[in-house]
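Trainee: Pasting a structure below so you can have a look.
The values are calculated or read from the model by the stated rules, or taken from the named source; none is laboratory data. Quick caveat, the model's predicted, so the values are computed rather than measured. Every residue, glycine among them, receives a Cβ derived from its backbone with ideal geometry; neighbour counts consider all protein chains shown. For the accessible areas, the whole protein counts, side chains as well, though only heavy atoms, and no ligand, DNA or RNA atoms are used. Shrake-Rupley method; radii C 1.70, N 1.55, O 1.52, S 1.80 Å.
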Amino acid sequence: MTLAEPMVARTRGELAEGLAILRRERGTIGFVPTMGALHRGHLSLVERAKVLADSAVVSIFVNPTQFGAGEDLTRYPRDLAGDLAQLAPLDVKLVFAPEVSEMYPEGESLIQVTPGILGDRLCGRFRPGHFAGVLTVVAKLFGLFRPDWAVFGRKDLQQAVLIRRMVSDLELGVSIDVAPLVRESDGLAMSSRNRYLSPSERGEATVLFRALTAADDAFRRGATNPADIVSAAQEVLSREPGVRVQYLEVVEPDRLDPVDLAERGSIVALAVFAGETRLIDNLVLGASVPDPIFP
Ligand code: AMP
């Protein structure tokens, strides 16, 4: 029977019990950390975790320490019942959904994992403290879950790169998989934050993918100068006056250094505001397989 809803662990004790049972009865653990308000992007990570490990487990925790002042912590969408209903058909048996006080019983951790220079680029330039919050909570979750595998999405490119580095630099002993970026049928990258968009902003938001595609087209036509690739994207973005670009860059995939010459596998990444909503997206230049799209 695979349709039963997952068991929800609210405390670290319940989590430890659930994990012990899963390890005993099934074997290796594939872990998918999320902030909930799940969509098919998240579900694709669960599917991936099930391929990599004997069972997939999910955390749902809106981590306050990764939100900056004035960001959307209080209105971030929360829908545990809906999330559990989506996870049930995927045979997820255990979900960890702690309160903030369970994760941070003594308040915010005194010891923080900071991203170093890799945190100063792309999103890190505009969201001070964000990646320290992310890395610290992921390190704590790794300590609580002790997973064999953990799966992250390329949607959050810099996060995935930083977590890979954290695991290798700090010898955390978790295998990391970075899964493809899942898109809506019109190309918009799926995100829990898309539900903030008004109907007109939702229409404008397709410009991110259109701009990335223009950059990729330029590359496929032979452009290797990153300035030319960026300007192909910029040209598309400028035709959508409702959106404001925060950054738009061509970077290499391991450390996110800006490239001098773009090559196949270089990544064009951007952050854009549609109204008040900040959206991020990225595309691998010259990729042989397109990002998955759901109708
Ligand atoms: P979040 O709940 O937004 O913190 O995301 C949890 C995980 O899901 C992160 O590893 C994200 O990169 C991943 N994710 C979010 N949106 C997508 C998407 N559209 N495609 C693939 N992975 C995603």
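Trainee: State which residue pairs qualify: first residue free of Cβ contacts under 8 Å to residues at least 60 places away in the same chain and inside the stretch 231-242, second residue assigned to a helix (DSSP H, G or I) and open to solvent by 60 Å² or more (accessible area, probe 1.4 Å) in any location, beta carbons under 8 Å apart, and separation of 6 or more residues or different chains.
Mentor: Ala232/Asp217; Val236/Arg210; Gly242/Ser200
Trainee: Residues in the stretch 89-96: is at least one charged (D, E, K, R) and away from the ligand (no atom under 13 Å from the Cβ)?
Mentor: yes
Trainee: Is it fair to say Glu171 is acidic (Asp, Glu), touching a residue at least 40 places away in the same chain (Cβ under 8 Å) and more than 18 Å from Arg48 (Cα to Cα)?
Mentor: no
Trainee: Return yes when Val284 is open to solvent by 30 Å² or more (accessible area, probe 1.4 Å), under 17 Å from Val178 (Cβ atoms) and touching a strand residue (DSSP E or B) at 6+ places or on another chain (Cβ under 7 Å) and no when it is not.
Mentor: Yes; evaluated as a whole, the condition is true for this residue.
Trainee: Okay, next question. Being more than 10 Å from the ligand (Cβ to nearest atom), open to solvent by less than 60 Å² (accessible area, probe 1.4 Å) and either hydrophobic (A, V, I, L, M, F, W, C) or at pLDDT below 95 (or both) is the filter here, so list the residues in the stretch 168-179 that pass it.
Mentor: Those that are more than 10 Å from the ligand (Cβ to nearest atom), open to solvent by less than 60 Å² (accessible area, probe 1.4 Å) and either hydrophobic (A, V, I, L, M, F, W, C) or at pLDDT below 95 (or both): Val174, Ile176.
Trainee: Suppose the filter is under 21 Å from the mean Cα position of the chain (by Cα), more than 16 Å from the ligand (Cβ to nearest atom) and under 24 Å from Phe126 (Cβ atoms); does Ala69 pass it?
Mentor: Spelling it out, Ala69 is indeed under 21 Å from the mean Cα position of the chain (by Cα), more than 16 Å from the ligand (Cβ to nearest atom) and under 24 Å from Phe126 (Cβ atoms).
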